[in-house]
Amino acid sequence: MTTSTSPASPLRNAARLLTVVSAAGTGLALAAVVQGALDGPRWLLIVGLPATALALTAYGRAAEDMTSGVAPELRSGGPRAFAPAVVNGVRAVNKKNGRTAVDGQAVESVFAFDLTVMADDLPPYRIEVRHPLDLQGLLHRPRAVVEYDPEQPWRVVIPDNPPREWLARAATLVPPAGEVKRRTGGVPAGFRALASGVVIAAVLLVLVRVLG
């Protein structure tokens, strides 16, 4: 399979830096809550509680998005690969709640493309990709070309102008036999930052106890 990949870039380095900063911030917030609740001073608790609540809300939302079956955007600076896909159906949905839209032309509506991605190095899987435009004319075509992240295959987009060789390959695509499972995320986005934050908080609390 021919792939289109991106080497390490400043954007990817920035994403890694963001993970480190998120972990450090979460660790400090958790440590402040525990320390403020046990030994004080109370201002640590007052500051730590809202910061911890905000962080947990963000992590929870990310985890929910990963298990929704709706494809998130590709990572900035991440690897890319093309694959043909079967179009199982297209419908208009409300972009906020995902419910079927009565008026497909409304500003709040987007197209929900139900696709079966058939990459060479992965078992076929179904994913829903949402976009406000009828990309590749999929309202009237049974096949598509998608671009996905080989490291995180649940990240899928529909490119507007895919390479011609992939369009030709998609045109001859034979749907897989049997039931195809929907693809959801693996480890939720932010999990590593949260886990690292818990470890940082534990280390900080131990140091406070040891150093007095």
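Computed from the coordinates by the stated procedures, all read-outs in this text should not be read as laboratory data. The structure displayed is predicted, hence computed values, not measured ones. Counting neighbours? That spans all protein chains shown, and the Cβs are built from the backbone with ideal geometry, glycine included.
Quick notes on this one:
- In this simple spin-label model, placing a label point 7 Å from the Cα along the Cα-to-Cβ direction at both Ser76 and Leu38 gives a separation of 3.8 nm.
- Distance between modelled label sites at Ala51 and Ala171, nm, 7 Å Cα→Cβ extension: 5.9
- Residues whose amide H falls under 5 Å from that of Arg143, counting only those 5 or more places apart or on a different chain, are Val87, with hydrogens built in the peptide plane.
- FRET efficiency, 1/(1 + (r/R0)^6) with R0 22 Å, evaluated for Val102 and His131 via beta carbons: 0.70
- Computed FRET value (nearest 0.05) for Val203 with Val21, which takes r as the C-beta separation and R₀ as 22 Å: 0.85
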